[in-house]
């Protein structure tokens with residue numbers, strides 16, 4: 001099975017030069033004819049210049065444009081994938097459980113807790129090479145936003161769409177998120193596995209510590225990152241809202257505070273570490289260093305990986321056309337013009 005591709009298709013934009021050069025060529029040909037008419041009658045001019053050809057310059061120009069097209073195609077690096085190759089990759093599997101409850105919209109970490117967490121996750125994905133990643137979102141319930149994958153572009157695309165409106169039931173069901181993350185890993189692989197829970201930890205709905213213990217028994221490490229500051233902050237009704245904050249039934253402004261004690265217990269039960277985000281960093285970079293220390297396991301992927309360069313054929317054809325153009329004179333050959341195939 002073969003696969004043809006151009007390594008740099010953006011170079012084909014240079015083909016726009018050809019219509020521009022063609023317009024210029026036609027323009028100067030017209031101007032030349034006008035100049036010859038001023039010199040004298042066309043019949044007289046032809047008698048005075050019997051060896052001048054009107055067709056050969058056009059043919060030479062066509063050869064030049066064909067050569068230019070071939071050189072541009074060669075520069076775009078045409079390639080053939082000769083065979084489907086099995087590539088052995090070594091990495092770990094990571095599932096991120098991201099809290100999207102309303103409290104994550106608090107702005108004690110700018111621009112807000114959720115947006116800052118998303119940016120940190122995006123940077124983490126950009127660092128991944130041979131690892132797999134999945135994404136769970138949770139509030140009062142937990143849902144799989146992205147199954148475990150090595151398609152980092154899709155991971156960043158799905159991450160960008162995360163927002164609090166995607167889960168109507170409020171709360172912080174950390175235990176449910178850990179349980180779903182645990183079921184998200186590839187069952188048939190022996191790869192090292194890690195869950196990263198990113199949350200403010202407030203108003204947890206279930207026994208998250210027990211869920212972390214169960215995951216750790218299955219060989220999965222559970223890390224936690226606390227989003228928010230201990231003194232807490234009000235929850236804006238809308239992101240970037242001007243002084244409009246959520247209130248309780250009595251009309252008091254709700255203050256959401258980071259529950260560090262619970263998150264420390266979850267990390268301890270899961271055999272992982274707890275990190276608290278601050279205004280300078282979220283902590284995912286430090287966790288990535290920790291995950292890189294885990295044992296890397298071979299994970300197999302199938303991809304077209306062997307490509308053979310074909311640009312030399314395009315350049316060779318272009319050079320041949322240039323040679324033809326070089327040896328083709330604009331004047332008629334005085335010997336060949338005597339040959340008349342049709343009388």
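The values are calculated or read from the model by the stated rules, or taken from the named source; none is laboratory data. The shown structure was predicted, so the numbers you read here are calculated from the model rather than taken from an experiment. Ideal geometry is used to build each Cβ from the backbone, glycine not excepted, and the neighbour counts take in all protein chains shown.
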All but one of (1) modelled with pLDDT of 90 or more; (2) in contact with a helix residue (DSSP H, G or I) (Cβ under 7 Å, 6 or more places away or on another chain); (3) surrounded by fewer than 19 Cβ atoms within 10 Å (Cβ to Cβ) hold for residue 104, so report the exception by its number.
(3)
Can you name every residue in the stretch 150-195 that is assigned to a loop (DSSP other than H, G, I, E, B), farther than 28 Å from residue 260 by Cα and in contact (Cβ under 8 Å) with a residue 24 or more places away in the chain?
150, 186, 189, 190, 191
From the list 64, 21, which one is surrounded by fewer than 15 Cβ atoms within 10 Å (Cβ to Cβ), at pLDDT 85 or above and in a helix (DSSP H, G or I)?
21
Quick check on this structure: which one of 271, 251 is modelled with pLDDT under 90 and on the phi > 0 side of the Ramachandran plot?
251
Let me confirm something: among 213, 250, 202, which residue is farther than 23 Å from residue 146 by Cβ, part of a loop (DSSP other than H, G, I, E, B) and touching a helix residue (DSSP H, G or I) at 6+ places or on another chain (Cβ under 9 Å)?
202
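Residue-wise test of (1) part of a helix (DSSP H, G or I); (2) surrounded by 15 or more Cβ atoms within 10 Å (Cβ to Cβ); (3) at pLDDT 75 or above; (4) touching a strand residue (DSSP E or B) at 6+ places or on another chain (Cβ under 7 Å).
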| position | (1), (2), (3), (4) |
| --- | --- |
| 299 | no, yes, no, yes |
| 307 | no, yes, no, yes |
| 317 | yes, yes, yes, no |
| 323 | yes, no, yes, no |
